[in-house]
1. Quick check on my filter: what residues within the stretch 499-530 are in a helix (DSSP H, G or I) and of a type in the set (A, V, I, L, M)?
2. Might you let me know whether the stretch 660-672 holds any residue that is within 18 Å of S345 (Cα to Cα), in contact with a Pro (Cβ under 6 Å, 6 or more places away or on another chain) and either touching a residue at least 12 places away in the same chain (Cβ under 8 Å) or surrounded by fewer than 23 Cβ atoms within 10 Å (Cβ to Cβ) (or both)?
3. Report yes if V30 is surrounded by fewer than 19 Cβ atoms within 10 Å (Cβ to Cβ), among the β-branched types (V, I, T) and over 21 Å from S174 (Cβ atoms), otherwise no.
4. For the stretch 446-463, enumerate the residues that are on the phi > 0 side of the Ramachandran plot and at pLDDT below 95.
5. For the stretch 81-109, how many residues meet the condition of being surrounded by 18 or more Cβ atoms within 10 Å (Cβ to Cβ) and part of a loop (DSSP other than H, G, I, E, B)?
6. Considering only residues of the stretch 165-206 that are in a helix (DSSP H, G or I) and of a type in the set (S, T, N, Q), which is farthest from S61 (Cα to Cα)?
7. Only residues that are closer than 29 Å to T655 by Cα and either of a type in the set (G, A, S) or outside the structural domain of G732 (by TED's automatic domain parsing) (or both): list them for the stretch 595-637, please.
8. Where residues in the stretch 749-783 are of a type in the set (A, V, I, L, M, F, W, C) and more than 20 Å from G696 (Cβ to Cβ), which of them is surrounded by the most Cβ atoms within 10 Å (Cβ to Cβ)?
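The values are calculated or read from the model by the stated rules, or taken from the named source; none is laboratory data. Note that this is a predicted model, so its numbers are computed, not measured. Using ideal geometry, Cβ is built from the backbone for each residue, glycine included, and neighbour counts are taken over all protein chains shown.
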Amino acid sequence: MSLIKETDHGTPEGAGKPITLWIDDVEVTVPEGSSVMHAASKVERPIPKLCATDSLEAWGSCRMCLVEIEGVRGTPSSCTTPVRDGMKVTTQNNRLERLRKGVMELYISDHPLDCLTCPTNGDCELQDTAGTVGLREVRYGMKGENHFEEEVKAPIDGSNPYFQFDASKCIVCSRCVRACEETQGTFALTIEGRGFDSKVSAGVGMDDFFSSDCVSCGACVQACPTATLVEKAVADHGTPSRSVVTTCAYCGVGCSFKAEMQGDELIRMVPYKDGKANEGHSCVKGRFAFGYATHKDRQTEPMIRESYTDPWRKVSWNEAIAFAADRLKATQAKHGKGSIGGITSSRCTNEEVYVVQKMIRAAFGTNNVDTCARVCHSPTGYGLKTTLGTSAGTQTFASVDKSDVILLIGANPTDAHPVFGSRMKKRLRAGAKSIVVDPRRIDLVKSAHIRADHHIQLRPGTNVAVMNALAHVVVTEGLVDEDFVTERCDPVEFERWRAFASEERNSPESLAEIIGVDPQELRQAARLYATGGNGAIYYGLGVTEHSQGSTMVMAMANLAMATGNFGREGVGINPLRGQNNVQGSCDMGSFPHELPGYRHVADDATRALFEADWGVELLAEPGLRIPNMFAAAIDGSYKGMFVQGEDIAQSDPNTSHVEEALKALDILIVQDLFLNETAAFAHVFLPGTSFLEKDGTFTNAERRINRVRPVMKEQSELSEWEAVCRLAKAMGYDMSYNNAAEIMDEIARLTPSFAGVSHQRLDNGESLQWPVNDANPDGSPIMHVNGFAGGKGQFMITDYVPTSERSNRFYPLLLTTGRILSQYNVGAQTRRTENSRWHEEDILEIHPHDAEDRGIADGDQVSIASRMGSTTLRAELTDRMPVGVVYTTFHHPLSGANVITTDNSDWATNCPEYKVTAVQVHRSNRPSDWQEEHKDKAQTHYRIRVDAAE
């Protein structure tokens, strides 16, 4: 009988029928499949252990958790022994005490006795367990007196920038190896040797952790019961003394952490066991890359200047706010109310985003507000709202544990959403099938213990053609879930779609040449998704950042509805949000046509609700989108902008066009941590706050509203929402709050999906996923359970329209872009940490065949040019790329990846088409003209200018 996994809450997953037994003559009832150790914990009979943890499968190697069971010979390990009815267990007696003490004595005999100087003194499971079993002396040594002297013992491996490995302290419990396998799924660690010569190794033949396959997620460090694996900060400063639970500010997974402190200094981030999104796991960014918050580049004082070519001048908050407000009012007086606007940030809290969009609508008097979701997931909002009635993912992350078939499209979760990527890998190792639609061979196509059942290696820009081909198979082979469609979906729209999908032009055979994939592969993938059980779709920016991004989202929704994959665990359609609060920034009303809660500005009742609460008349016409703002700035009709926490000069497409627009502004206000590429053109800089200083909430990709609690005091004196409120007041609109909780109360009062949300509920330990309202008072983990949010599901016609961006003899290759594990977005945070040791520059991945045609060797500097511009990158030859396609990341400003991306965008939302750019590549040791012009983009010049001005 196999044991079921026990969670940190002591309740086994997959619990069976109740089993009653006796632990030390105390009756206890636990679910079938529980271990004896778990049963003992329920009646407060803790059993000593070293190799067992709540988060790993039972192992039974340490022999510390021995018990006696009536009618059973010997002393079985309690962690691996399942309970049975009527079992009588003894956890404590003289015999067990003697055995445990003897086992512990063997461990200690091969372990240095330097507890007083050990960095984990007082926080060491080995030390605690030795005390628990009553070990007071060790009668023998195994390897001689000098075994642990500094000149004899193995050197500490400090190659990893964040943690160290001291083999002398290892007790070979295998917890680190098992954590790497079970939790992370990387299989980087192994045990070498036998007996007392056994040791943990970072991979066969590897010299150190840094050069191994280790991804520095920290799971091994978290699992280690000794000081063998320990954070360098702990080794240097000792064990932290207090902690604050908060939320990571990187990707849309929304991991919870305990920020552990010594005084006011942050020592380490420990993944929080009760975090519903991450359940105690982490990645290299969330766990270790927090040093940017106190980096020397951080700007903590307001600054102003007359022209963007002038040096900065540090001023007081009052002077900066007055300067900004006067400029904004003068601009409106000269060019009209609609001549100014702003952009909210997906890195800021819901509360901070809410006050910015409120300031723009109420104080600026315009709907010219947009957010970075415009350039990433705006097609998600449009496509899902059109088909399902609400623009958000349908599941929890845990739902993937119940998926039988995973259709992954245009996403690379092991790099961009690593904690969820690990969970997905675990499900695939357990037997789920997978279909990966991606031109690049990502890790989930083939990696340790994983191989995709189907890799649809499509030609970039043909996503919609792939979905139409899959739909054709589902419809023509009788694989539609007719009962689901009849009950849940609009019958007229479905029949229109059925006829469309059945057309021969949508068959895999007709589309194979366009897609570049064998039609039989497409047919088999469609059959697997439609008939394989619970089918879940997960997708990323490889879906949305196309000229047909919105069409593709609707096509995926069509396929999921047609196969009945909504309304339960293990199914659904799930956007993997890029930044930590992309979902929240959209929820808070950051689009020019929508007020908070995705309600159109033209709706009289919605507008009246906000007007009554805010005490100001609101416009009924949508404002400008980000691309329209740039165009209007160049035309001269848009002259002022407030940019909250986004580096649009690096992240948006066609960088030269963006810079031209920013130069044309009369007033640009940037609120951020660093003087980024956008701030190079700003007139006012308002210092922002890092996530360690914020008080509020983030909303992750599963609609989970997570508390963000301040770990330290604001370095800039004001919170971001306080600064925004001051600017609104200086503009003539009195907007003030006593704290962030009051802002959330206002959000809940005006936004139906947040009606039951409050800081108090979240601080009381509740985990809420919107909608939280009278119908769903405890939130909605799974959407569309009894019906779609918009009523009947709407099938939409999704004609494939080829992108206008085509390769030709001048630009014969297609460029697509993405992210890498160690870096994040435009790199403003991660580049200021040791993460840059893994990825010091953006590189161009190119197939060896394409490289050979151009005389390019691995490591050569190459020029990559498009119709828009050119830049220079270092080439990496790899067969991860298909012939004819190249790939790069956009984490480093000097690389200028977006210098070459085009102005093409999604037909419905203007989301840029980052994923398809026709390019030519050739060897070149010379920087591009753009790089020569921007060669000081390392940003040190901004700081020097400030210093010189002082």
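1. Hits for the stretch 499-530 are A499, A501, L511, A512, I514, I515, L522, A525, A526, L528, A530.
2. no
3. In short, no.
4. H449
5. Residues meeting the conditions: 4.
6. Within the stretch 165-206, the match that is farthest from S61 (Cα to Cα) is Q184.
7. Passing the criteria: G623, A631, A632, A633, G636, S637.
8. Looking at residues that are of a type in the set (A, V, I, L, M, F, W, C) and more than 20 Å from G696 (Cβ to Cβ), I get M783.
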